[in-house]
1. Is it the case that some residue within the range 118-140 is modelled with pLDDT of 90 or more, among the aromatic types (Phe, Trp, Tyr) and open to solvent by 10 Å² or more (accessible area, probe 1.4 Å)?
2. Please work out which residue is most open to solvent (accessible area, probe 1.4 Å), limiting yourself to the range 34-66 and to residues that are closer than 16 Å to Tyr168 by Cα and touching a strand residue (DSSP E or B) at 6+ places or on another chain (Cβ under 6 Å).
3. Under the condition of being part of a loop (DSSP other than H, G, I, E, B) and either open to solvent by less than 30 Å² (accessible area, probe 1.4 Å) or hydroxyl-bearing (Ser, Thr, Tyr) (or both), which residue from the range 235-253 is nearest to Ala202 (Cα to Cα)?
4. Between Thr38, Thr44, Thr105, which is within 13 Å of the chain's Cα centre (by Cα) and without any contact (Cβ under 8 Å) to a residue 40 or more places away in the chain?
5. Among the numbered criteria (1) closer than 22 Å to Tyr145 by Cβ; (2) surrounded by fewer than 21 Cβ atoms within 10 Å (Cβ to Cβ); (3) of a type outside the set (Ser, Thr, Tyr), which single criterion is violated by Cys175?
6. Would you confirm whether or not the range 15-33 contains a residue that is surrounded by fewer than 24 Cβ atoms within 10 Å (Cβ to Cβ), among the β-branched types (Val, Ile, Thr) and within 16 Å of the chain's Cα centre (by Cα)?
7. What is the one condition in (1) touching a strand residue (DSSP E or B) at 6+ places or on another chain (Cβ under 7 Å); (2) within 19 Å of Ser246 (Cα to Cα); (3) open to solvent by 40 Å² or more (accessible area, probe 1.4 Å) that Met80 does not satisfy?
8. From the residues in the range 151-161 that are free of Cβ contacts under 8 Å to residues at least 60 places away in the same chain and open to solvent by 40 Å² or more (accessible area, probe 1.4 Å), which one is farthest from Asp19 (Cα to Cα)?
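The values are calculated or read from the model by the stated rules, or taken from the named source; none is laboratory data. Please read all numbers here as calculations on a predicted model, not as lab measurements. Heads up, the Cβs are rebuilt from the backbone with ideal geometry, glycines too, and the neighbour counts pull from every protein chain shown. Surface areas here come from the heavy atoms of the whole protein model, side chains and all, with no ligands, DNA or RNA. Shrake-Rupley method; radii C 1.70, N 1.55, O 1.52, S 1.80 Å.
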Amino acid sequence: MTARVGVILIHGLGGTQYDLGSLHKILQKAGADTHAVTLPGHGTRPEDLIPVHAEQWMDLVVAQYRQLQPQYEQLHIMGMCMGALLALVLSERVGQTAMQGKLVTLAPPVYIDGWSTPWYAGVRRLCYLIPGMASRMKVEEGEPYGIKNTLVRAVVKAKFERGDNFHYRWVPLACVRQVDRLRSWAIAAARNIKAPTLIVHAREDDLTSLRSAEYLQATIPDARTVVLENSYHMICVDNDRDQVASSVLEFFGFPPMPERTRNRMRGVAAAEKSDNA
């Protein structure tokens, strides 16, 4: 029997479905089908991002939505970081209504102005103008990796050092240029979004300040915002991950996550950390 509810999950720049932590498992337990996309240029090596354009990411998520939509009474869209930008534009393009599904944006980088943003971020657009420079320049992932929890941060650092393929260690500046294009599309799309929208954002986000959430809250006609008080950018794996999951479940109309499920998820996370230590 075809499930009533589906959720498209869109990861961030250089990432994988693991950007969204245990959300896919939690949603499945609640009764939803989850569909995690792998964006062009991802899941292989960072160099594969160099020739990719934002249109290719958008084409993929639009095609995924069109393919899945007839199977569900409700098809929700959820994105993390760059995936949130794609989710915003996707929602506007497919013209979602409340009957068709809802939109969740997790740490949407409408503005790249967080407290850990490097000084040279403001001059990146000048680099775009120099032929070949954006393809050669690497934007490295560095501490705190968007994570406030010191134990989780240590696990992520160890994964990077081992070369685990859960997230790229660097991305080309050419790819950041495509994110900047996506940001402009998302800013323009926000006022036309029909879907009820949940914005989840950390007050201490190191990549993108609360200004991003405030813009979306003020611009999207039907929006609500949850502000997290104990996380950085990677909110699905940081200290407030349970609050993120609870907020998403409530917004989608699912029952709250049982305490036993929260404890089990914590146990799974602890076991994964032990295995990877």
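1. No, there is no match, as no residue in the range 118-140 is modelled with pLDDT of 90 or more, among the aromatic types (Phe, Trp, Tyr) and open to solvent by 10 Å² or more (accessible area, probe 1.4 Å).
2. Of everything passing the filter in the range 34-66, Ile50 is most open to solvent (accessible area, probe 1.4 Å).
3. Kept after step one, since they are part of a loop (DSSP other than H, G, I, E, B), are these residues of the range 235-253: 235-240, 253.
Checking which are either open to solvent by less than 30 Å² (accessible area, probe 1.4 Å) or hydroxyl-bearing (Ser, Thr, Tyr) (or both) leaves us with 235-236, 238, 240.
Working: Ile235: 7, Cys236: 11, Asp238: 10, Asp240: 9 Å.
That would be Ile235.
4. Numbers: Thr44 fails: within 13 Å of the chain's Cα centre (by Cα); Thr105 fails: without any contact (Cβ under 8 Å) to a residue 40 or more places away in the chain.
The match here is Thr38.
5. (2)
6. yes
7. Condition (3) is where Met80 drops out.
8. Ranking the qualifying residues of the range 151-161, first place goes to Glu161.
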